[in-house]
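Each remark here refers to the structure printed beneath this line.
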Amino acid sequence: MPKEPLCIVGTGKVAQALIKNLKDHYLIHISSPSEDRAKELAEKYAINYIPYRGPLPCHRVIIVRRDSDIEKTSEELIRFAPFTSHIHMSGMLSSQVLKSEKKCSMHPIMSITPDTSFKGVLFAVEGNIDICTDIIETLGGKYFEIETEKKALYHTALVFISNFTALNTLMGLALLREVGKLPPEIIESVRNLAYRSIDNVLKHGKDGLTGPAARGDLETIDIESSLLEGFLRELYILQSDVIYKLHSGGGDNSEKDDSSKI
Ligand SMILES: NC(=O)c1ccc[n+]([C@@H]2O[C@H](COP(=O)([O-])OP(=O)(O)OC[C@H]3O[C@@H](n4cnc5c(N)ncnc54)[C@H](OP(=O)(O)O)[C@@H]3O)[C@@H](O)[C@H]2O)c1
């Protein structure tokens, strides 16, 4: 049976990972306003190149450009190929930014490089999900549906889990370097400590939080915060305060409302 044509617009990390994982299953066409890069990738992966401003030989297009370019790209594509269905992979934007009649967003919960395999990766999907779920299945991924209006909230949750956890680790490492010369094993110890702390919270919720604020050890918090300056001090105090309130059930009503979510 001939392969179904599938158009990919974009030339970055996700575009390349998709090409590698899908080219045995679909007849992939690549396009981008950055023509030279698209032609280069077409040659590298032995797929077809199609000019950006022109008709598309596909019913479905996956737009994997920068988030800020997705809406404009969908608008431009629809002018030359009005009957195509559009899909994007942004975490924050919903399918509503797309201009096609049928539209879907499919966001993989994963950090992606050109070598990423999507096997076992979980995708959040919303919109006309029937236009993207078979692609996820072909990639070997899994999916769950979210409401279009909840897309930005979904991404905010991931920012807390991914970015802020990573930022705290980065700041902790910077402080450890001030302690003195560190052995190479420190990286593995930090990794274990971070993984174990996350695992405790995944298993036990807020009761899995440990450390001075969870114990109500206010003297330790005073001493440690006095060693810090600037945003490090602010973040230490703010996060300790939140953990303390979660454990003591304290705070005014608005804070109680927030902590009741956790
Ligand atoms: N990477 C991830 O971990 C990840 C995870 C989940 C979702 N996403 C989503 O996937 C979409 C694409 O993200 P991405 O990570 O593929 O972005 P990216 O690698 O930064 O590529 C985005 C665009 O930047 C341009 N570009 C990339 N590398 C370039 C280079 N070496 N020289 C010149 N231009 C270059 C290309 O422009 P043209 O568009 O003009 O070709 C490309 O399409 C976004 O919606 C993002 O939110 C990414």
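The values are calculated or read from the model by the stated rules, or taken from the named source; none is laboratory data. Just so you know, these numbers come straight off a predicted model, no measurement behind them. Note that each Cβ is placed from the backbone with ideal geometry, even for glycine, and that neighbours are counted across all protein chains shown.
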Next item on the list: Taking the options 74, 105, 90, name whichever one is among the polar types (S, T, N, Q), assigned to a loop (DSSP other than H, G, I, E, B) and either assigned by TED's automatic domain parsing to the domain that holds residue 137 or within 12 Å of the ligand (Cβ to nearest atom) (or both).
Entry: 90
Note to self: For the condition within 26 Å of residue 111 (Cβ to Cβ), within 31 Å of the chain's Cα centre (by Cα), among the hydrophobic types (A, V, I, L, M, F, W, C) and at pLDDT below 95, what is the one hit in 186, 262?
What the structure shows: 262
Next item on the list: Name the one entry in 228, 235, 246 that is at pLDDT below 95, hydrophobic (A, V, I, L, M, F, W, C) and surrounded by 15 or more Cβ atoms within 10 Å (Cβ to Cβ).
Entry: 246
Check: Picking from 37, 60, which residue would you name as being among the basic types (Lys, Arg), buried (at least 19 other Cβ atoms within 10 Å of the Cβ) and modelled with pLDDT of 95 or more?
Finding: 60
Checklist line | Of all residues making up the range 62-71, the number that are out of contact with any Pro (no Cβ under 9 Å at 6 or more places or on another chain) and assigned to a helix (DSSP H, G or I) | finding: 4
Checklist line | Total residues in the range 173-211, condition charged (D, E, K, R) and within 20 Å of residue 232 (Cα to Cα) | finding: 2
Note to self: Let me spell it out: the conditions are (1) crowded, with 19+ Cβ neighbours inside 10 Å; (2) under 20 Å from residue 11 (Cα atoms); (3) away from the ligand (no atom under 14 Å from the Cβ), and residue 127 meets all of them except one. Which number is the exception?
What the structure shows: (2)
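Conditions tested, residue by residue: (1) closer than 19 Å to residue 21 by Cα; (2) at pLDDT below 95; (3) surrounded by 15 or more Cβ atoms within 10 Å (Cβ to Cβ).
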{"residue": "65", "(1), (2), (3)": "yes, no, yes"}
{"residue": "93", "(1), (2), (3)": "no, no, yes"}
{"residue": "101", "(1), (2), (3)": "no, no, no"}
{"residue": "115", "(1), (2), (3)": "yes, no, no"}
Item checked: Selected residue (criterion: farthest from residue 79 (Cα to Cα)) from residues of the range 21-34 that are within 13 Å of the ligand (Cβ to nearest atom) and surrounded by fewer than 20 Cβ atoms within 10 Å (Cβ to Cβ) -> 34
Item checked: Hits in the range 115-148 - residues which are touching a residue at least 24 places away in the same chain (Cβ under 8 Å) and over 23 Å from residue 58 (Cα atoms) -> 115, 116, 117, 124, 143, 148
Next item on the list: Of the conditions (1) out of contact with any helix residue (DSSP H, G or I) (no Cβ under 8 Å at 6 or more places or on another chain); (2) without any contact (Cβ under 8 Å) to a residue 24 or more places away in the chain, residue 248 clears all except one; give me its number.
Entry: (2)
Checklist line | Boolean, residue 139 is touching a Phe, Trp or Tyr at 6+ places or on another chain (Cβ under 9 Å), among the hydrophobic types (A, V, I, L, M, F, W, C) and surrounded by 12 or more Cβ atoms within 10 Å (Cβ to Cβ) | finding: yes
